[in-house]
Structure formats: structure tokens, C-alpha cells
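Undergrad: After the C-alpha cells below, expect a handful of questions from me.
Coordinate-derived values only; no laboratory data. Computed from a predicted model, the values in this text were never measured in an experiment. As a convention, Cβ positions derive from the backbone with ideal geometry for all residues, glycine included, and neighbour counts pool all protein chains shown.
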Amino acid sequence: MLKYLGPIALFVAMALPALAEPYRLTIGDRVTVTSGFLEVPKTIGVDLDGNLRLPEIGSLFAAGKTLDQLEEDVVDQMKMGGFSGPSSVLVEIEAYAPVVVSGFVERSGKFDFLPGMDVGAALALAGGLGAGDIYGPNADVLAVNARRRAAAAAEQIAAAISDLAKYEAALAGPQVAIALSETLRAVVPIEVRTTMDARIKAERIQLDQIRDTTKLLVTSWNSDIADFQDQTVLLDERIVIKKEIIATLSADLADLETLRTQGLTTSSRFSNLQQQLSDDREELLNLETAKITARRQATLAARNRNQYLADQRKNNLTALEAARASLALGLSDHRFAVDELTVLKGGSATLEDAIALLDVSLTIRGPRADRFNGDVVDFETKLLPGDIVVVEVKDPVVSSN
């Protein structure tokens, strides 16, 4: 196999100086937030939308901000939330977003970012360029492997698109049906395109089952809430009647007390009425306690219903983000597998001839790729966390035919 780079490039890169200007966060970075308003420091990542999400203060946009700016934003959010404790906040980098190396390399994938890393170091971590024997006896084996990777990536793309359609419909509302947009349908690889209708149908059945379960649960909670509310109304009516009875008995007991002092009634009758009044007062307390219990049960049922729906939405959002990431990775892997097949369809008598024909193109993609402004990317180009190094190989012999 051809090895344009070795592990030594990694150590050279690590010795290079860091960037002069303050580091700005990007998607995939992980930071630790320490503050008096948190029981313990929390480590959280910058999500696909560029946000940091802390349950205590909500969501903060972090992508493109320095650590100092983010600290100020956290303090401002704390003040807006009414936090009255110490406002000191410390935000530290826990881990940088990984660098992705993809394309014509030995091992495509994500690699930990190291300060001072350049393209050469990233390619060294990926095992160097994977261009060995592309025209030799192993060409057929490499072609089969490339086709296998293309097929696996196509399956990943189809599954991710099906998930996207399902979770977008789930988040849109209980009446929204799963539909595959023309935009999504256009990116489905041709080898799995005929399976998409069946996949969407299966996702539709699954989503309908989830919606039916949710409807039953919500209906049950709503029924419980209505029952407890009706019970509260009935208890209020009984309490009013009981209070009227107690008022009447209290007046009768006062009159009877006067008659008893005059010897016009018996002590037994007075005691019986007094006991009846005591029993009614105890029953009133029981009714008021039952009313409190019914109201508490209605509140608990409403809380359980709302929490279930909120958790379901949160899970759908998380799954939607995961599907988007899976789709992006699948599209990348599929494109590069197809590129390899394109390279492999050429011919050359010797390995040296193959080396001469290889035209390696290096491209930096990702959220901060615009910093190059058309500059040529080479092995010494400095990388930032979250960069995607794309290695493509063109075959002039094939392209000229």
C-alpha cells in the first residue's frame, strides 16, 4: 500500500504553535460549565444547531463564540432567569470537536483534534493515503470492497431518510402523515431507490402505532383529570350542604342549652344533639380532605400527561438530529466509495505508473471552511476542530478518454 505520510507527522504537528487569536467554539466541541448556580460542574456539547443546552438556564447559542463571550452569555441568562446567587461562571474546553478524514485514505473516520494539527497529521492518523495496488492484482478485490462500502452507505442513507421523514412528521403534529419530500428523494442512491416506498410505509405503520398508544394514554389522563374535577365539584356541593347542616345544628344546640338550663329539656337530648354536631363536623373535615386529595390527583394526572408529551417531543428531536448526522455521514461515505470505483476502473501496468497517474486533491469542509477563501490546501495546512479533510483522487487517463 502507498504511505505518503507516517506517524512522525503527528508529532511534528503537535509541536507547532497554537492559533494567535482566541479560539471560537464550533459544533461538536464539549465544554465544562462551573458556577454557583450548578450543584456540580456540567460537561455539555455544542449541538448541531450550535447551541449549548443547560436545563437550569435553557439554550444558549455557542458556535462562533469565545469562551469569554460564552461566560458572559451564561451570566446574562442567569440574571434573566432570576438567579440571585454568585454570578461567577467558568467555561473550559473539555474536548475539541473531532477532525473527520474521509475519502481515499486507509481509515476514514473521526479523530481527536490536537493543538497545532495540520492536514498531514490528520492523514497520518487515518493511516495515510490508501492508493496501494489499485491497478495490480488486488484491483478486483478493492473494487468489490468499494462496492460493498457503497452498498452499506446506501442502506444507511435510506434508513436515515426514512427516520427523517418519520420524526419530522411526528414533530409536526398527530395528524401529519409521513411523506418523502422531493428534496430527500433526490439524494437517495439509485441502488436503494425502489425500496423507499416500502420503507416509508413501514415507518408510517410504526408511527401510527406510537400515535395510537399516545392517544390512549392522553385520553386516559384526560378522563382521570375530568373525573377528579367532577369529584371536586360534587365535594364542594356536599361541603356547602354540610356547612348548612352544622350551622342549623349549632343554632338548635344553643336553643336547647337555654331550655336545659330552664329544666325544659333533658340532658340526654342535649347530649345526643351535641354528638350529632360533632359527627357532622368530623364528616366536614373528611369532605374537605377528600377535595384536597381529588385536586392533587387531577394535578398529578395533568403533570404526568404533560411530562410524557414533553419527553416524547424531546426524544423525537434527539432522534431527528441523529438521523441528520447519519444521513450526512452516509452521503459522504457513499460518494467516496463511488469515487474509488471510478479510480479503479482505469488501468496501468506497474505500481510506479499508477503513482504517476494519481492526482490527489485535498479539500477542507465543515463549518469554518470558508476561512481558506480558495487557498490551496496541502499537507501543512493548519486544521481547526470540526474540520473535514476530504481526500479525492482523479485519474487523468480515465478522465481524458
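Undergrad: Could you put ILE190, ILE44 in order, starting from the residue whose Cβ has the fewest other Cβ atoms within 10 Å?
TA: ILE190, ILE44
Undergrad: If the label point is 7 Å along Cα→Cβ of SER278, which residues in segment 217-259 have backbone nitrogen under 20 Å from it?
TA: 243, 245-258
Undergrad: Rank these for me by crowding, TYR308, TYR167, going from fewest to most other beta carbons within 10 Å.
TA: Details: TYR308 14, TYR167 23.
Taking fewest neighbouring Cβ atoms as first place, the list is TYR308, TYR167.
Undergrad: Next up: Can you work out the FRET efficiency for the pair ARG296 and THR266, with r the C-beta to C-beta distance and R0 = 51 Å, to the nearest 0.05? Don't skip to the end; give the middle numbers.
TA: Details: r = 45 Å, r/R0 = 0.89.
Efficiency for this residue pair is about 0.65.
Undergrad: Report the extension gain between TYR23 and THR183 in nm, rounded to one decimal, defined as 0.36 nm multiplied by the number of residues separating them, less their alpha carbon distance.
TA: Numbers: separation 160, 0.36 × 160 = 57.60 nm, distance 3.58 nm.
Value of the extension gain: 54.0 nm.
Undergrad: Moving on. Run the dipole for segment 259-309 about the Cα centre, Lys and Arg Cβ at +1, Asp and Glu Cβ at -1, nothing else charged, and hand back the magnitude in debye, nearest 20. Provide the component values of the computation, followed by the final result.
TA: Numbers: 8 positive and 5 negative charges, 62 e Å.
Its charge dipole is roughly 300 debye.
Undergrad: Okay, next question. Please compute the net charge surrounding SER271, taking Lys and Arg as +1 and Asp and Glu as -1 over other residues with Cβ under 14 Å from its Cβ.
TA: Numbers: positive: ARG260, ARG269; negative: ASP252, GLU257, ASP279.
That works out to -1.
Undergrad: Once amide H atoms are built 1.01 Å from N in the peptide plane, which residues 5 or more positions from THR26, or in another chain, come under 5 Å H to H?
TA: Those qualifying (amide H under 5 Å, at least 5 residues apart or on another chain) are GLY64.
Undergrad: Across segment 233-244, in residue order, what do the Karplus-derived ³J(HN,Hα) couplings come to in whole Hz, using 6.51 cos²θ - 1.76 cosθ + 1.60 with θ = phi - 60° and x for Gly and Pro?
TA: In residue order, the calculated couplings are 4, 4, 5, 4, 5, 5, 5, 4, 4, 5, 5, 5 Hz.
Undergrad: Same structure again: Would you mind pulling out the separation of the Cα centroids of segment 142-216 and segment 74-124, in Å?
TA: With segment 142-216 and segment 74-124 each reduced to a Cα centre, they are spaced 31 Å.
Undergrad: Further question on the same structure: Would you kindly derive the ³J(HN,Hα) couplings of segment 95-107 from the backbone phi angles with the Karplus curve 6.51 cos²θ - 1.76 cosθ + 1.60 (θ = phi - 60°), listing them in order in whole Hz, with x for Gly and Pro?
TA: Listing the rounded values in order: 7, 6, 4, x, 8, 9, 10, 9, x, 8, 10, 5, 9 Hz.
Undergrad: P(r) for segment 30-95: what percent of alpha-carbon pairs falls in each 5 Å bin, starting at zero?
TA: 4, 19, 33, 29, 12, 3, 0
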